[in-house]
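Presented below is the structure to which this report refers.
The values are calculated or read from the model by the stated rules, or taken from the named source; none is laboratory data. Everything numeric in this text was worked out from a predicted model, so none of it was measured. Note that we place each Cβ from the backbone using ideal geometry, even for glycine, and neighbour counts take in every protein chain shown.
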Amino acid sequence: MFSTGQLLFALLFIIVFSISTVWSYQKDRAKNPTYFKGTIWVLVGFLVFIALLLFLKRGVSL
């Protein structure tokens, strides 16, 4: 489906993008902590949403 080069590029992109996003977030949070109250709940909600999508995609067999 994807070539080895495409998969390698996607993996490196995700790693670099995640590191730069976290680094930028930490810098901004240090400057203005009042704007970042409760952001952990946004992350939790996002992860729950993704988990729910994956759960529904795999199908529920009870």
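In a helix (DSSP H, G or I), of a type in the set (A, V, I, L, M) and surrounded by 10 or more Cβ atoms within 10 Å (Cβ to Cβ): does that describe Ala51? Steps first, answer last, please.
Values: in a helix (DSSP H, G or I): yes; of a type in the set (A, V, I, L, M): yes; surrounded by 10 or more Cβ atoms within 10 Å (Cβ to Cβ): yes.
Judged against the criteria, Ala51 is a match.
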Pair list, Cβ < 9 Å and 6+ apart or interchain, from segment 1-22 residues that are without any contact (Cβ under 8 Å) to a residue 24 or more places away in the chain to residues that are hydrophobic (A, V, I, L, M, F, W, C) and exposed (fewer than 10 other Cβ atoms within 10 Å of the Cβ):
Ala10/Phe2
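Among the candidates Phe17, Phe13, Phe36, Phe55, single out the residue that is touching a helix residue (DSSP H, G or I) at 6+ places or on another chain (Cβ under 6 Å) and at negative phi.
Working: Phe17 fails: touching a helix residue (DSSP H, G or I) at 6+ places or on another chain (Cβ under 6 Å); Phe13 fails: touching a helix residue (DSSP H, G or I) at 6+ places or on another chain (Cβ under 6 Å); Phe55 fails: touching a helix residue (DSSP H, G or I) at 6+ places or on another chain (Cβ under 6 Å).
Of the residues listed, the single one that is touching a helix residue (DSSP H, G or I) at 6+ places or on another chain (Cβ under 6 Å) and at negative phi is Phe36.
Could you tell me whether any residue of segment 9-19 is of a type in the set (Phe, Trp, Tyr), under 14 Å from the mean Cα position of the chain (by Cα), assigned to a helix (DSSP H, G or I) and modelled with pLDDT of 90 or more? Break it down into steps so the answer makes sense when it comes.
Here is the first cut: in segment 9-19, the residues of a type in the set (Phe, Trp, Tyr) are 9, 13, 17.
From the residues that got through so far, the ones that are under 14 Å from the mean Cα position of the chain (by Cα) too are 13, 17.
Among the residues that remain, those that are also assigned to a helix (DSSP H, G or I) are: 13, 17.
Now drop any that are not modelled with pLDDT of 90 or more, which leaves 13, 17.
Yes, some residue in segment 9-19 is of a type in the set (Phe, Trp, Tyr), under 14 Å from the mean Cα position of the chain (by Cα), assigned to a helix (DSSP H, G or I) and modelled with pLDDT of 90 or more.
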